[in-house]
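Visitor: If you scroll down you'll find the structure; I have some questions about it.
The values are calculated or read from the model by the stated rules, or taken from the named source; none is laboratory data. As the structure is a prediction and not an experimental result, all values here were calculated from the model. As a convention, Cβ positions derive from the backbone with ideal geometry for all residues, glycine included, and neighbour counts pool all protein chains shown. Just the protein is used for accessible areas: all its heavy atoms, side chains included, with ligands, DNA and RNA removed. Shrake-Rupley method; radii C 1.70, N 1.55, O 1.52, S 1.80 Å.
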Amino acid sequence: DGRTFQNPGLLGQMLQQGLIVAAAISVAMLVGLMLLNNRLDADATRGEGLNRIESAESLINTWLRPLLALAVFGVYLLLVFWARRVTRNLSFFDRDTLDTALWMWVIPLVNVFMVYRHLDRAWKGSDALRRSADWRKGRPDFWNLGFAILVVAGFGLIIYGFVLGADTFEAAIDANSFSMIGYALLTVSLLCASKAVGNVIHRQRTRAETFA
C-alpha cells in the first residue's frame, strides 16, 4: 500500500551519541569559564592590565567555542534529518505526517519549535496504546518539552553574555557568569534531547511490532 517504515534506531543512536558528545563539550566550556573567572578575579586583584582578559580568553575562543559550535551544528543537522524521518514513519501507522518548509528549519526559535513539534508528533503518533482519532491529545514527552525550553534559555544567556562585553574585569566576570549558566542549561537540554530521541525510538519500534 506504499507505506514504509524506516528503522529509527540506526540513525537515532548515532544522534544520541552526538548529543552526548556535544553536551560533554558544553561541560568543558562551563569548566573553562569557571577557571577563566578565577584567573580574571586574581588578575583584577593584582591590578593587571585589561590586555590580560584577551589573553585569558584565547584558549576558549580559539578551541572550545568553535569546537562546540561545530558539534551543535552537526547534531542539529542530524536531528533535523532524523526528526523528519520518524515523522514520516507515522504514515505506516495510518497517522498524519508533517510537511514543513525547509526555511522553517533555519530561522532561530522557529527551528527549535519545529524540532519540538516533529518529536512531539512522532511521540504521540507512535503510542501503541492510543489508537483512537484523538491521538494528538496524548501526553507530551517531558524530555522533549524540557529540551525546547532549556535550549532557548541556554542560548539566550550565552548570547547575552557574549554581547555584554568585557571592558573591565568586573564586566568580563559578569558576562562569563551569564554564559556559564547558559552552558549549564545547554548541557541539560542536549541530554534531554538525547533522552527524547531514545523515547521516540522505543515507541516506534514497539508500535511497529504491534502494528505489523
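Visitor: Looking at (1) hydroxyl-bearing (Ser, Thr, Tyr); (2) modelled with pLDDT of 90 or more; (3) exposed (fewer than 12 other Cβ atoms within 10 Å of the Cβ), find the lone condition where THR62 falls short.
Guide: All conditions are met except number (2).
Visitor: Please state which one of PHE142, PHE155, PHE113 is free of Cβ contacts under 8 Å to residues at least 12 places away in the same chain and closer than 23 Å to LYS195 by Cα. Quick ask: steps written out before the conclusion?
Guide: Numbers: PHE155 fails: free of Cβ contacts under 8 Å to residues at least 12 places away in the same chain; PHE113 fails: free of Cβ contacts under 8 Å to residues at least 12 places away in the same chain.
The match here is PHE142.
Visitor: If you don't mind, another one. Touching a helix residue (DSSP H, G or I) at 6+ places or on another chain (Cβ under 7 Å), closer than 21 Å to VAL151 by Cβ, modelled with pLDDT of 75 or more and among the aliphatic types (A, V, I, L, M): which single residue out of LEU77, LEU67, LEU40 fits that description? Spell out how you get there, then give the answer.
Guide: On the way: LEU77 fails: touching a helix residue (DSSP H, G or I) at 6+ places or on another chain (Cβ under 7 Å); LEU40 fails: closer than 21 Å to VAL151 by Cβ.
Selected residue: LEU67, the only one of LEU77, LEU67, LEU40 that is touching a helix residue (DSSP H, G or I) at 6+ places or on another chain (Cβ under 7 Å), closer than 21 Å to VAL151 by Cβ, modelled with pLDDT of 75 or more and among the aliphatic types (A, V, I, L, M).
Visitor: Here is a follow-up. Could you pull out the residue among MET14, MET34 that is more than 18 Å from VAL151 (Cβ to Cβ), surrounded by fewer than 20 Cβ atoms within 10 Å (Cβ to Cβ), under 21 Å from the mean Cα position of the chain (by Cα) and at pLDDT 85 or above?
Guide: Result: MET14 is the single residue among MET14, MET34 that is more than 18 Å from VAL151 (Cβ to Cβ), surrounded by fewer than 20 Cβ atoms within 10 Å (Cβ to Cβ), under 21 Å from the mean Cα position of the chain (by Cα) and at pLDDT 85 or above.
Visitor: Exactly one of these conditions fails for ALA133: (1) modelled with pLDDT of 95 or more; (2) open to solvent by 40 Å² or more (accessible area, probe 1.4 Å). Give me its number.
Guide: Among (1) modelled with pLDDT of 95 or more; (2) open to solvent by 40 Å² or more (accessible area, probe 1.4 Å), ALA133 violates only (1).
Visitor: Specify the residue that is most open to solvent (accessible area, probe 1.4 Å); the eligible residues are those in segment 67-121 that are among the β-branched types (Val, Ile, Thr) and closer than 15 Å to ARG207 by Cβ.
Guide: Residues of segment 67-121 among the β-branched types (Val, Ile, Thr): 72, 75, 80, 86-87, 97, 100, 106-107, 110, 112, 115.
Subset that is closer than 15 Å to ARG207 by Cβ: 86-87, 97.
Numbers: VAL86: 0, THR87: 2, THR97: 52 Å².
Filtering first and then ranking leaves THR97.
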